[in-house]
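Okay, structure first, notes after.
Just so it is clear, none of the values below were taken in a lab; they were calculated from the coordinates. Every value quoted in this text rests on a predicted model; they were computed, and no experiment measured them. Methodologically, a virtual Cβ is constructed for each residue, glycine included, from the backbone with ideal geometry; neighbour enumeration extends over all protein chains shown.
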Amino acid sequence: MNIHFIAIGGSAMHNLAIALNQKGYQISGSDDTIHNPSKSRLEKYGLLPKEFGWFPEKISSELDVIILGMHAKKDNPELLRAQELGLKIYSYPEFLYEQSKDKTRVVIGGSHGKTTITSMILHVLNYHEKEVDYMVGAQLEGFETMVHLTEENEFIVLEGDEYLSSPIDMRPKFHLYKPNIALLSGIAWDHINVFPTFENYVEQFRIFTDSLIKGGIMVYNEEDEIVKDVVESSENHFKKNTYKTPEHFIKNGITFLETPEGDLPLEIFGNHNLQNLAGAKWICQHMGIDEDDFYEAVASFKGASKRLEKIAESKSTVFFKDFAHSPSKVEATTNAVKEQYSERTVFACLELHTYSSLNAEFLAEYKGALDKADKAVVFYSPHAVKIKQLEEVTAQQIANSFERDDLIIYTNPQEFKDFLFRQNLENTAVVLMSSGNYGGLDFEEVKGLV
């Protein structure tokens, strides 16, 4: 099969291209720019386009399939040519479904925790040498790619993102997978550029719940009232398994899980991660991993990349990097670090970087999100606000939103870096929360502060 990727450089897109290449398909692709790690990984597999840009002449009737990435626009020259020729055009979630129609599809959904839960499941299955197909939104230790597809594996585990599928397919990705087994971790308003009201956002999870194959299994977090309502009010017929925060305690900076076999020390911490673990356990049990085997494997799980990832540590200082940017994630991460390091100063640095977080109306959702931090800094770039064509936000608006009088706010990358580098970090836990890089902060350089 000859497959051409329009916008091959995206995180999910380039991983799918590599997975299909490994499956024996003929792969080509285009993009107007490709950054690392996508660039070097595509190069490694001989899939990097010879030059950047869009080339309609690459599109011919010899292609069996076009896979269209979210980065492309509706008027993309290659897309227009493919439409003109009547070629079959898929979004990547739509194509993943095509690849898994005959498999048992396990889909992990929710506003937060998706990547971590999917990663936990894959870690446990890998530990016990159980082969499955998968798609996950982070690079995992011990896994070559973020997407793996075969003909023979019985299960496929999919991270179910609620964002849109492609420029010409405005359905949320997780509506396309039709799960046999599903999980819902939590619902907290996000992606307001696509879902302008909270009710509209919640509705996407109702549609996802109703898309579960009749007689399938839904695993859900009973401590999230919105999730509970979405699942329990559904008229779809499926089996229900609930989970909640398991019994645990913290001793000498280590979280121990209370299990029937005794107290289990974990590499991860925080109530949100313990909830994630409880959900992952149910899913693994439905995939043939018993409870004891799950605990044995999960003890060595260190977390998904950029999800409360420890990047440096000394006797008196520890640095974490976290992808948290939405209000619920920021609050959960900050609270987790404070609970784990209750005897230390917790220094939280948050970059407001996404469309939602830089929206003046949405800022109010951050109320109290940084309350558990002993010292809190927010960085945002007025330039990023302009690029996203948003109404300008002021430092005062941000301060008012968080309702924290001692909140420190920076808009200049160098000034933020200078501030960070002159702090006394003795007996401190630092958490850097961002889906960006604070205007060019070198994290390798940051490690030198420890």
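Summary of values
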{"quantity": "Percent antiparallel among DSSP beta bridges (both partners in the chain, rounded to 5)", "calculated": "25 percent"}
{"quantity": "Unit charges at the beta carbon, dipole of the stretch 1-76: most positive-side option, 53, 18, 28", "calculated": "18"}
{"quantity": "Whole-number percent relative contact order across the stretch 1-132, with pairs defined as alpha carbons under 8 Å at least 6 apart", "calculated": "24 percent"}
{"quantity": "Contact order relative to length of the stretch 137-282, as percent, for alpha carbon pairs under 8 angstrom and 6 or more apart", "calculated": "16 percent"}
{"quantity": "Rel. contact order, % - alpha carbon contacts under 8 angstrom, at least six apart, the chain", "calculated": "11 percent"}
{"quantity": "Spread of Cα-to-Cα distances over 10 Å intervals beginning at zero, given as percent, for the stretch 95-298", "calculated": "8, 36, 37, 16, 2, 0"}
{"quantity": "Partners for residue 101 among aspartates and glutamates (Cα-Cα distance below 13 Å; same-chain residues under 8 apart left out)", "calculated": "133, 151, 152, 154"}
{"quantity": "Estimated D of the chain in µm² per second, where Rh is the Kirkwood radius over Cα pairs and Stokes-Einstein applies at 4 °C, 1.567 mPa s", "calculated": "56 µm²/s"}
{"quantity": "25 °C / 0.890 mPa s Stokes-Einstein diffusion coefficient of the stretch 178-332, Kirkwood radius on C-alpha pairs, µm²/s", "calculated": "142 µm²/s"}
{"quantity": "Largest to smallest principal axis extent of the C-alpha atoms in the stretch 395-450, angstrom", "calculated": "34, 26, 19"}
{"quantity": "Residue-count net charge about residue 378 - beta-carbon cut-off 11 Å; Lys, Arg +1, Asp, Glu -1", "calculated": "0"}
{"quantity": "Long-range amide H partners of residue 171 with built H, under 5 Å", "calculated": "165, 166"}
{"quantity": "Helical mean residue ellipticity (222 nm; -39500 (n - 2.57) per DSSP H run of 4+; nearest 500) of the chain", "calculated": "-9000 deg cm²/dmol"}
{"quantity": "Set 73/103; 302/329; 244/367; 114/239; 173/240; 173/386 screened for pairs whose C-alpha atoms are more than 30 Å apart", "calculated": "73/103"}
{"quantity": "Among 153, 168, 124 - extreme Cα towards positive end, dipole of the stretch 119-175, charges at beta-carbon", "calculated": "168"}
